[in-house]
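Below is one structure, written out as C-alpha coordinates; comments come after it.
The values are calculated or read from the model by the stated rules, or taken from the named source; none is laboratory data. Owing to the predicted nature of the structure, the values given are computational and were not obtained by experimental measurement. Accessible surface areas use protein heavy atoms only, side chains included; no ligands, DNA or RNA. Shrake-Rupley method; radii C 1.70, N 1.55, O 1.52, S 1.80 Å.
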Amino acid sequence: MQLICPVCGNNLHRLEASYACQSRHSFDIARQGYVNLLPVQQKHSLNPGDTRAQVLSRRSFLDSGVYAPIANTLIEQAQELGLRGPILDVGCGEGYYSAQLSKALGAQLVGLDISKEAVRCAAAKYKDALWLCATASHIPVADGSAQLITSLFALTMEEEFHRILAPGGYYFQVLAAQDHLLGLKSIIYPELKLREKDSVPQLAGFALCRSVPISFSFTVHGDQVQNLLSMTPHVFRIGKEGARRLAATQTLTDTASCILNIYRRVDTAK
(Lines give C-alpha, C1' and ligand atoms only; values in the text may rest on other atoms or scores of the structure.)
Protein backbone atom coordinates (compact mmCIF):
# COMPACT_ATOMS: atom_id res chain seq x y z
CA MET A 1 0.00 0.00 0.00
CA GLN A 2 1.47 3.32 -1.07
CA LEU A 3 1.89 5.88 1.71
CA ILE A 4 1.82 9.58 0.97
CA CYS A 5 3.34 12.50 2.82
CA PRO A 6 0.83 14.16 5.17
CA VAL A 7 2.51 17.53 4.55
CA CYS A 8 2.81 17.75 0.74
CA GLY A 9 1.00 14.67 -0.61
CA ASN A 10 3.99 13.19 -2.47
CA ASN A 11 4.69 9.48 -2.26
CA LEU A 12 6.66 8.29 0.74
CA HIS A 13 9.50 5.82 0.29
CA ARG A 14 10.94 3.51 2.92
CA LEU A 15 14.50 4.19 3.92
CA GLU A 16 16.43 2.25 6.55
CA ALA A 17 14.66 3.66 9.61
CA SER A 18 12.27 6.23 8.19
CA TYR A 19 9.91 7.20 5.40
CA ALA A 20 10.68 10.23 3.25
CA CYS A 21 9.29 12.04 0.21
CA GLN A 22 10.99 13.92 -2.63
CA SER A 23 10.33 17.20 -0.80
CA ARG A 24 12.57 15.89 2.01
CA HIS A 25 9.86 15.53 4.60
CA SER A 26 10.98 12.64 6.77
CA PHE A 27 9.18 10.48 9.34
CA ASP A 28 11.06 8.14 11.64
CA ILE A 29 9.98 4.58 12.33
CA ALA A 30 9.55 4.35 16.10
CA ARG A 31 11.31 1.68 18.13
CA GLN A 32 8.03 -0.24 18.46
CA GLY A 33 7.62 -0.21 14.67
CA TYR A 34 4.90 2.38 14.03
CA VAL A 35 5.20 5.61 12.01
CA ASN A 36 3.85 8.96 13.17
CA LEU A 37 2.22 10.66 10.16
CA LEU A 38 0.14 13.09 12.20
CA PRO A 39 1.53 16.62 11.72
CA VAL A 40 0.84 19.26 14.31
CA GLN A 41 -1.59 21.14 12.06
CA GLN A 42 -3.85 18.05 11.91
CA LYS A 43 -4.06 17.64 15.69
CA HIS A 44 -7.04 18.89 17.68
CA SER A 45 -5.24 18.45 21.02
CA LEU A 46 -1.77 17.74 22.37
CA ASN A 47 -2.39 13.98 22.70
CA PRO A 48 -5.50 13.13 20.67
CA GLY A 49 -7.34 9.82 20.86
CA ASP A 50 -7.39 7.12 23.51
CA THR A 51 -5.04 7.27 26.48
CA ARG A 52 -2.62 4.50 27.41
CA ALA A 53 -4.96 3.39 30.20
CA GLN A 54 -7.88 3.08 27.77
CA VAL A 55 -5.77 1.17 25.25
CA LEU A 56 -4.53 -1.30 27.86
CA SER A 57 -8.07 -1.80 29.18
CA ARG A 58 -9.29 -2.58 25.66
CA ARG A 59 -6.43 -5.00 25.05
CA SER A 60 -7.13 -6.86 28.28
CA PHE A 61 -10.84 -7.13 27.45
CA LEU A 62 -10.44 -8.13 23.80
CA ASP A 63 -7.64 -10.61 24.49
CA SER A 64 -10.04 -12.46 26.80
CA GLY A 65 -11.97 -13.50 23.68
CA VAL A 66 -15.32 -12.07 24.76
CA TYR A 67 -15.74 -10.18 21.47
CA ALA A 68 -14.37 -12.99 19.27
CA PRO A 69 -17.75 -13.39 17.49
CA ILE A 70 -17.24 -9.97 15.92
CA ALA A 71 -13.78 -10.86 14.60
CA ASN A 72 -15.08 -14.24 13.38
CA THR A 73 -17.92 -12.59 11.47
CA LEU A 74 -15.52 -10.20 9.74
CA ILE A 75 -13.36 -13.13 8.66
CA GLU A 76 -16.30 -15.24 7.47
CA GLN A 77 -17.76 -12.43 5.38
CA ALA A 78 -14.40 -11.46 3.87
CA GLN A 79 -13.66 -15.08 2.95
CA GLU A 80 -17.12 -15.49 1.45
CA LEU A 81 -16.43 -12.49 -0.79
CA GLY A 82 -13.01 -13.87 -1.72
CA LEU A 83 -11.15 -10.79 -0.47
CA ARG A 84 -7.35 -10.82 -0.37
CA GLY A 85 -6.40 -7.26 0.60
CA PRO A 86 -4.56 -4.99 0.99
CA ILE A 87 -6.53 -3.98 4.09
CA LEU A 88 -6.65 -0.52 5.64
CA ASP A 89 -8.07 -0.44 9.18
CA VAL A 90 -9.18 3.08 10.11
CA GLY A 91 -9.45 3.67 13.85
CA CYS A 92 -7.55 0.43 14.41
CA GLY A 93 -7.05 0.82 18.17
CA GLU A 94 -4.66 -1.80 19.44
CA GLY A 95 -5.21 -3.96 16.35
CA TYR A 96 -7.22 -6.91 17.70
CA TYR A 97 -9.74 -7.24 14.87
CA SER A 98 -7.72 -6.36 11.78
CA ALA A 99 -4.68 -8.40 12.83
CA GLN A 100 -6.87 -11.51 12.92
CA LEU A 101 -8.55 -10.59 9.64
CA SER A 102 -5.30 -10.02 7.77
CA LYS A 103 -3.85 -13.28 9.08
CA ALA A 104 -6.91 -15.26 8.00
CA LEU A 105 -6.85 -13.72 4.52
CA GLY A 106 -3.07 -13.71 4.13
CA ALA A 107 -3.39 -10.02 3.30
CA GLN A 108 -1.19 -6.97 3.76
CA LEU A 109 -2.48 -4.75 6.58
CA VAL A 110 -2.05 -1.06 7.31
CA GLY A 111 -3.73 0.17 10.49
CA LEU A 112 -4.10 3.78 11.52
CA ASP A 113 -5.38 5.57 14.59
CA ILE A 114 -5.13 9.12 15.85
CA SER A 115 -3.97 7.76 19.23
CA LYS A 116 -0.22 7.29 19.37
CA GLU A 117 -0.69 4.99 22.36
CA ALA A 118 -3.00 2.75 20.34
CA VAL A 119 -0.66 2.27 17.37
CA ARG A 120 2.31 1.87 19.69
CA CYS A 121 0.47 -0.96 21.41
CA ALA A 122 -0.56 -2.52 18.09
CA ALA A 123 2.94 -2.35 16.63
CA ALA A 124 4.51 -3.94 19.70
CA LYS A 125 2.30 -7.04 19.38
CA TYR A 126 1.45 -7.44 15.70
CA LYS A 127 4.71 -7.31 13.76
CA ASP A 128 3.37 -8.32 10.34
CA ALA A 129 1.50 -5.06 9.72
CA LEU A 130 2.29 -1.38 9.27
CA TRP A 131 0.80 0.86 11.97
CA LEU A 132 0.37 4.60 11.48
CA CYS A 133 -0.52 7.44 13.79
CA ALA A 134 -2.71 9.56 11.53
CA THR A 135 -6.12 11.18 11.26
CA ALA A 136 -9.04 9.63 9.39
CA SER A 137 -9.87 12.97 7.81
CA HIS A 138 -6.49 13.11 6.03
CA ILE A 139 -5.44 9.50 5.49
CA PRO A 140 -1.81 9.35 4.27
CA VAL A 141 -2.47 6.62 1.70
CA ALA A 142 -2.50 6.99 -2.09
CA ASP A 143 -5.63 6.80 -4.23
CA GLY A 144 -6.87 3.29 -5.02
CA SER A 145 -4.39 1.58 -2.70
CA ALA A 146 -6.74 -0.67 -0.69
CA GLN A 147 -9.10 -3.49 -1.62
CA LEU A 148 -10.75 -3.48 1.81
CA ILE A 149 -11.25 -0.76 4.40
CA THR A 150 -12.51 -1.59 7.88
CA SER A 151 -13.85 0.79 10.50
CA LEU A 152 -15.13 -0.85 13.66
CA PHE A 153 -17.01 1.32 16.15
CA ALA A 154 -15.14 4.24 14.57
CA LEU A 155 -15.67 7.10 12.13
CA THR A 156 -16.79 6.78 8.53
CA MET A 157 -15.13 9.29 6.23
CA GLU A 158 -16.86 8.37 3.00
CA GLU A 159 -14.96 10.70 0.65
CA GLU A 160 -11.59 9.57 1.96
CA PHE A 161 -12.60 5.91 1.95
CA HIS A 162 -13.86 6.20 -1.63
CA ARG A 163 -10.58 7.82 -2.69
CA ILE A 164 -8.43 5.13 -1.10
CA LEU A 165 -10.38 2.08 -2.26
CA ALA A 166 -9.58 0.53 -5.61
CA PRO A 167 -12.54 0.28 -8.03
CA GLY A 168 -14.85 -2.44 -6.74
CA GLY A 169 -13.20 -2.45 -3.32
CA TYR A 170 -15.14 -3.10 -0.13
CA TYR A 171 -15.79 -1.19 3.07
CA PHE A 172 -16.67 -3.12 6.26
CA GLN A 173 -18.41 -0.89 8.79
CA VAL A 174 -19.36 -2.11 12.28
CA LEU A 175 -21.83 0.01 14.23
CA ALA A 176 -23.35 -0.53 17.66
CA ALA A 177 -27.05 -1.37 17.51
CA GLN A 178 -29.67 0.34 19.65
CA ASP A 179 -29.74 -2.51 22.18
CA HIS A 180 -25.95 -2.77 22.53
CA LEU A 181 -24.76 -3.20 26.16
CA LEU A 182 -28.07 -2.45 27.82
CA GLY A 183 -26.86 -4.21 30.97
CA LEU A 184 -23.94 -1.83 31.35
CA LYS A 185 -26.12 1.18 30.58
CA SER A 186 -28.74 0.14 33.14
CA ILE A 187 -26.06 0.27 35.86
CA ILE A 188 -24.32 3.50 34.98
CA TYR A 189 -27.37 5.60 34.07
CA PRO A 190 -30.39 6.38 36.30
CA GLU A 191 -32.71 5.59 33.38
CA LEU A 192 -32.34 4.15 29.90
CA LYS A 193 -33.10 6.45 27.01
CA LEU A 194 -33.12 4.57 23.72
CA ARG A 195 -32.55 6.92 20.82
CA GLU A 196 -33.24 6.11 17.21
CA LYS A 197 -30.05 5.13 15.39
CA ASP A 198 -29.35 4.93 11.68
CA SER A 199 -27.67 1.56 11.75
CA VAL A 200 -27.51 1.18 7.95
CA PRO A 201 -26.52 4.62 6.64
CA GLN A 202 -26.44 5.52 2.96
CA LEU A 203 -22.95 6.49 1.84
CA ALA A 204 -22.17 8.54 -1.23
CA GLY A 205 -20.08 6.56 -3.68
CA PHE A 206 -20.94 3.21 -2.09
CA ALA A 207 -23.55 0.51 -2.68
CA LEU A 208 -24.74 -1.53 0.28
CA CYS A 209 -24.16 -5.24 -0.37
CA ARG A 210 -25.52 -6.65 2.88
CA SER A 211 -26.04 -5.97 6.56
CA VAL A 212 -25.12 -8.73 8.99
CA PRO A 213 -26.45 -8.50 12.56
CA ILE A 214 -24.09 -9.70 15.28
CA SER A 215 -25.55 -10.41 18.72
CA PHE A 216 -24.28 -12.53 21.60
CA SER A 217 -24.43 -12.66 25.39
CA PHE A 218 -21.42 -12.70 27.67
CA THR A 219 -20.46 -12.50 31.33
CA VAL A 220 -17.45 -10.66 32.74
CA HIS A 221 -16.05 -10.44 36.24
CA GLY A 222 -13.88 -8.15 38.35
CA ASP A 223 -11.59 -5.79 36.45
CA GLN A 224 -13.12 -6.75 33.12
CA VAL A 225 -16.30 -4.91 34.11
CA GLN A 226 -14.34 -1.65 34.27
CA ASN A 227 -12.38 -2.58 31.15
CA LEU A 228 -15.65 -2.91 29.25
CA LEU A 229 -16.66 0.59 30.29
CA SER A 230 -13.27 1.96 29.17
CA MET A 231 -13.88 0.63 25.65
CA THR A 232 -17.08 2.61 25.22
CA PRO A 233 -17.96 6.32 24.87
CA HIS A 234 -19.84 5.96 28.16
CA VAL A 235 -16.53 6.32 29.99
CA PHE A 236 -16.75 10.06 29.14
CA ARG A 237 -20.41 10.38 30.19
CA ILE A 238 -20.65 8.41 33.40
CA GLY A 239 -21.57 10.37 36.52
CA LYS A 240 -20.40 9.86 40.11
CA GLU A 241 -23.37 7.70 41.09
CA GLY A 242 -23.05 5.57 37.99
CA ALA A 243 -19.34 5.10 38.62
CA ARG A 244 -20.08 4.09 42.21
CA ARG A 245 -22.66 1.50 41.13
CA LEU A 246 -20.34 0.06 38.51
CA ALA A 247 -17.44 -0.12 40.97
CA ALA A 248 -19.66 -2.25 43.21
CA THR A 249 -20.50 -4.61 40.32
CA GLN A 250 -18.30 -7.70 40.40
CA THR A 251 -20.17 -9.70 37.76
CA LEU A 252 -21.94 -8.35 34.69
CA THR A 253 -23.97 -10.34 32.18
CA ASP A 254 -24.78 -8.37 29.07
CA THR A 255 -25.50 -8.58 25.34
CA ALA A 256 -23.30 -7.20 22.60
CA SER A 257 -25.40 -6.13 19.63
CA CYS A 258 -23.94 -4.59 16.50
CA ILE A 259 -24.30 -4.56 12.74
CA LEU A 260 -21.70 -5.26 10.07
CA ASN A 261 -22.53 -3.23 6.97
CA ILE A 262 -20.70 -4.30 3.83
CA TYR A 263 -20.43 -1.66 1.12
CA ARG A 264 -18.83 -1.78 -2.30
CA ARG A 265 -17.19 1.24 -3.92
CA VAL A 266 -19.04 2.45 -6.99
CA ASP A 267 -18.45 5.34 -9.37
CA THR A 268 -21.32 7.54 -10.44
CA ALA A 269 -21.63 8.47 -14.09
CA LYS A 270 -20.29 11.90 -14.97
query: So between residue 17 and residue 125, what do we pick up on full extension, going 0.36 nm a residue minus the alpha carbon distance?
result: 37.0 nm
task: Would you check the accessible area of residue 19, probe 1.4 Å, heavy atoms only, in square angstrom rounded to 10?
output: 30 Å²
- prompt: When the accessible area of the chain is split by element with a 1.4 Å probe, what percent falls to carbon and sulfur?
  reply: 50 percent
statement: Excluding near-sequence neighbours (fewer than 8 apart on one chain), the chain holds lysine pairs with C-alpha atoms under 25 Å apart numbering 10
field: Residue-level accessible surface for residue 116, protein heavy atoms, 1.4 Å, Å²
entry: 80 Å²
task: Report ³J(HN,Hα) in whole Hz for each residue of the stretch 178-195, in order, from the Karplus equation J = 6.51 cos²θ - 1.76 cosθ + 1.60 where θ = phi - 60°; Gly and Pro get x.
output: 4, 9, 6, 6, 5, x, 4, 4, 5, 8, 8, 10, x, 8, 8, 10, 7, 9
- request: At 1.4 Å probe size, with every protein chain present, just tell me what the per residue accessible area of the stretch 1-92 comes to in Å².
  value: 52 Å²
query: Computed over the Cα atoms of the chain, what is the convex hull's projected area averaged over all directions, in nm²?
result: 15.2 nm²
message: Taking amide H atoms as placed 1.01 Å from N in the peptide plane, list the residues 5 or more away in sequence, or in a different chain, whose amide H sits under 5 Å from that of residue 154.
response: 174
